[in-house]
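A.B. asks: The following block contains the structure, expressed as structure tokens.
What follows draws every value from the coordinates through simple rules; no lab data is involved. Treat the numbers as computed from the prediction; the structure is a model and nothing was measured. Backbone-built Cβ (ideal geometry, glycine too); neighbour counts: all protein chains shown.
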Amino acid sequence: MSKSYLMIVVLSCSFSLAWAQENKMTTGDNSYWQCRAYDQDNYQWTAKSTYERTAVNKAYEACKKQSKKPETCKTAKEYCEGFINGISTRPMWQCTALDRMAKPWVSAVYSNQDDAALGAKAYCQERSTVPTTCYVNMVTCKNLNAQP
């Protein structure tokens, strides 16, 4: 009984350490996770840490302590962004729409490629002299944070 209990403890510690290492920024002194928490009034609290989970917890704790409505605080991994050597690792998509006049219409930057494509098309339709001819070829989309 004691051997199996000891084995369970060792395995669970190993898995915990493996998970922690997986979510740790390991390159450079200026590498960290930055996470946000929000309350019902849309106030925002930001926290940084080498570990993603620690940054999530710190942001949530700050919200709970400082919010006028602490019961409405929320956070998630989706509200986190990784930085390596001070540069964001979040995808930064930008697409180009074209109209029949071959005029390029470049979108704003989005974290999702499809949103960038829709943004480029909407921008073209809003500004073009021939808005019904606007289209986006996904080949024109690029991730500005991708490695060259």
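A.B. asks: Taking H as built 1.01 Å from N, whose amide H comes closer than 5 Å to the amide H of THR50, not counting residues under 5 places away?
C.D. replies: Residues meeting the criterion, in which the H sits 1.01 Å from N, are TRP33.
A.B. asks: What distance in nm lies between label points placed 7 Å from Cα along the C-beta direction at ASP115 and ALA102?
C.D. replies: My value for the distance between the label points is 3.3 nm.
A.B. asks: How many angstrom separate the Cα center of the range 47-78 from the Cα center of the range 79-148?
C.D. replies: 31
A.B. asks: Okay, moving on. Stick to the Cα atoms of the range 52-138, pair each with every other, and give me the Kirkwood hydrodynamic radius in Å at one decimal. Write down the numbers at each step before the final one.
C.D. replies: On the way: mean 1/r = 0.0638 Å⁻¹.
Final number for the Kirkwood radius of the range 52-138 is 15.7 Å.
A.B. asks: Convert each backbone phi in the range 109-121 into a coupling constant with the Karplus relation 6.51 cos²θ - 1.76 cosθ + 1.60 (shift: θ = phi - 60°), then list the ³J(HN,Hα) values in order as whole Hz, x for Gly and Pro.
C.D. replies: The phi angles translate into 8, 10, 7, 10, 4, 5, 5, 5, 5, 5, x, 5, 5 Hz.
A.B. asks: Specify, per residue and in Å³, the volume enclosed by the convex hull of the alpha carbon atoms belonging to the range 23-88.
C.D. replies: Given the Cα convex hull of the range 23-88, per-residue volume reads 70 Å³.
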